[in-house]
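The values are calculated or read from the model by the stated rules, or taken from the named source; none is laboratory data. For clarity, every value in this text was computed on a predicted model and none was experimentally measured. Ideal geometry is used to build each Cβ from the backbone, glycine not excepted, and the neighbour counts take in all protein chains shown.
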Amino acid sequence: MSPPENRLFTIGKDLLGIILLLIFLILFLNFDRLNDSEMLNDIPSAWVNVNTIFLSIVIEAIPFILLGVFVSAIIQIYISEDTIQRYLPSNVYASLFPAAVLGAIFPLCECAIVPVVRRLIKKGMPLHVGVVFLVAAPILNPIVALSTFFAFRTDLTILYSRMGLAFFLSIIIGAIIYIVMKNEKGSVLRSTKSADDHHHHHHHHQPSGFTGRMRQMSYHAVDEFFMMGKYLILGAFIAALFQTFLDRATLMAIGGNDFTAPIVMMAFAYLLSLCSEADAFVASSFSNQFTSGSLVAFLVYGPMLDLKNTFMLFAFFKTRFVLVFMITVTIVVFIAVLLLQMFLL
Amino acid sequence: MKRYDHRFHAYIQGIILLGFALLILGFIITDNIRYYIAPDMMPFIYFALVMFFILGIMQIFRSTQKDDAHEGTSCDCSADHEMKGPPFVKVLIYSIFILPILFGFVLPDQALDSSVAANRGIQFGSGILNEDSSEKASAETAEEESVTEEDDDNDLSRAEAYLEDPDGYLESIKQPPNTDEYPSEDEVDEHYTVEDIYAEQDDIDDHYEEVAQEMLDQESIFVTEENYLDIMSVLDLRLDSFVGQEIEIIGFTYREPDFLENQLVVARFSMTCCTADAAVYGTLVESDEAIHFDDDTWIHVHGTIEAGEYDGMPMPVLTDATINQVEEPDTPYVYPSFSPF
């Protein structure tokens, strides 16, 4: 089937994989010795801290990415385009509200939600509905509510403001995205259209049997894991750099007044890229220096948009959409927090 | 167009997945996972470990299938899963996955140190209360029993009002009685009174009550990893009840730039999910021995609780402390005892 030089190439590729696997195995078997070895003690401690935070974010996010890609795989295989069309209200604005409610039901965090929303949009869910889901789901979920409750048990208005804002702002953001993007031709998803069409013609088959479906699902999950994973890892690394080297004192100096404090906290939320389930505890560590309004800004903006998340969005959606989305979310959250500060807190 | 080599990509991806599985397994076997992930998150990590092994092996099998049997080896949407770009881009992409595995194996696993503490800003005591709330605590202890019930109802109805009609509710609390304008930053916490805490968290309150009682019964309070944050909270809530009592704490040394020679902080990192969200909790120590201990030294402090202050904030201070250097504890981090999971 292949000419000799091609075969040689194949053997080379196989060898490459085996060498890689051997390296992993050798490292695994020498885990303890490597950790205690003297030669690595010379690494500056700041870089060890970067490494610790980096690995910690990666290892912590991976199970949730896996959950996300599996949900996406299930949607891909079991839910048809027709089902989605049938259950969504045809009116644009009427469909925003159930999307926000749906976001509250699905306990998906911000790492897991991106592949799921992408899959739903691919399956024919309108973009603005997907956007509502994208920003609402990471905040409006029971685990996030519980951790916010514990972190701010001295001031429950923070919890109410966070949940309330997440619900209303997700609908507002969805509506704005609809208005801005409704004239856009073609899909906002980054994919090769022709290749897609080509595929639909050829084998638009359903895999047969349970094992067939399971196999299909796992292949699907792996492919998607490798698509998303690289952005997660890059994002985690940059977030770890910021966590180690960004001097909070300088930002806090700017954060004094009521107008700039929310901006600073939103910037923090973006750069730190925390999981929405844990960010409340970090926010509470700022409660001595920052106003309640800016803490709410941190808690609402971070799960909707952060550094590692941005990388994933750029991977899946076209640049124009991601920019519109980011600008919309930033402005809407900022204005909402200013209003909240003025009237409520 | 050159054919996309599904087999090779499945093969390499399978090996990378196995690499991740081995890394996580290694962390778990050596127990070094404690430097990265809180124990509450471990079920998710086990899930990831099992999935990585299964998926890794499946990928390698997938790579052995004939390329012609295309339907079997790729999913319906394979087109947008293919990696695009010239070979060096593919090498780059796989390096992004391989590097964290190598970092994980090769670089030393250790806890965060005081340079991170300095950057994150230390929280004295438990951080749930601050400013003058500890004074209020004692002043209002007498009233709190009577207020509790009333406030409880109040809060329940507030929550209900919110659930039924969020807009209307938000409207109705536009002018809360005790917030004229929103406060400047150093006043921001003043209106969270102790009643709020007691009324709204009966369970937690009972829990702290128990811990406080236990502490009062002890000759000398011994702070362990398990009760660290609880004791910090109780000390903040009820500092006055504990003045004069002896206490023992283990933690690492940390100093603010403006500390005197005899001052240091004995601190711990508290981790909720992962080290990215670790926060530093510390107790101020005043002792003539302080000068002998560098930052990041693990120490055991035995001192007497006094009501002191730093930077205008009242807080417990350990005076006349004896300090001894100790080994780093098995679990360098402490974890919140209430689990959000």
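Tabulated data
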| quantity | calculated |
| --- | --- |
| Matching option when the condition is at pLDDT below 85 and of a type in the set (A, V, I, L, M), among B:Met51, B:Met1 | B:Met1 |
| Any hit, segment B:310-324, residues being assigned to a helix (DSSP H, G or I) and polar (S, T, N, Q) | no |
| Criterion: small (Gly, Ala, Ser), over 34 Å from the mean Cα position of the chain (by Cα) and modelled with pLDDT of 75 or more - qualifying residue of A:Gly17, A:Gly12 | A:Gly12 |
| Every pair of residues 6+ apart whose Cβ atoms lie under 9 Å, when the first sits in segment A:57-81 and is under 11 Å from A:Val116 (Cα atoms) and part of a helix (DSSP H, G or I) while the second is at pLDDT below 80 and of a type in the set (Phe, Trp, Tyr) | A:Val71/A:Phe106 |
| Any hit, segment A:147-157, residues being modelled with pLDDT of 85 or more, part of a helix (DSSP H, G or I) and of a type in the set (A, V, I, L, M, F, W, C) | no |
| Every pair of residues 6+ apart whose Cβ atoms lie under 6 Å, when the first sits in segment B:46-70 and is outside the structural domain of B:Arg34 (by TED's automatic domain parsing) and part of a loop (DSSP other than H, G, I, E, B) while the second is crowded, with 20+ Cβ neighbours inside 10 Å and modelled with pLDDT of 95 or more | none |
| Residues (surrounded by 14 or more Cβ atoms within 10 Å (Cβ to Cβ) and either under 11 Å from B:Val106 (Cα atoms) or among the small types (Gly, Ala, Ser) (or both)) located in segment A:9-33 | A:Gly17, A:Phe24, A:Leu27, A:Phe28, A:Asn30, A:Phe31 |
| Some residue of segment B:277-292 being of a type in the set (Ser, Thr, Tyr), part of a strand (DSSP E or B) and modelled with pLDDT under 90 | yes |
| One residue from A:Val101, A:Val144 being free of Cβ contacts under 8 Å to residues at least 24 places away in the same chain and either part of a helix (DSSP H, G or I) or buried (at least 17 other Cβ atoms within 10 Å of the Cβ) (or both) | A:Val101 |
| Residue count for segment A:268-282, restricted to those that are over 19 Å from A:Phe311 (Cα atoms) and more than 8 Å from chain B (Cβ to nearest Cβ) | 1 |
| Test set (1) touching a Phe, Trp or Tyr at 6+ places or on another chain (Cβ under 9 Å); (2) aliphatic (A, V, I, L, M); (3) loosely packed, with under 14 Cβ neighbours inside 10 Å - B:Ile247 fails condition number | (3) |
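Table: residues versus (1) in contact (Cβ under 8 Å) with a residue 12 or more places away in the chain; (2) assigned to a loop (DSSP other than H, G, I, E, B); (3) touching a Ser or Thr at 6+ places or on another chain (Cβ under 6 Å).
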site: A:Asn257; (1), (2), (3): no, yes, no
site: A:Pro262; (1), (2), (3): yes, no, yes
site: A:Ala269; (1), (2), (3): yes, no, no
site: A:Glu277; (1), (2), (3): yes, yes, yes
site: A:Val333; (1), (2), (3): yes, no, no
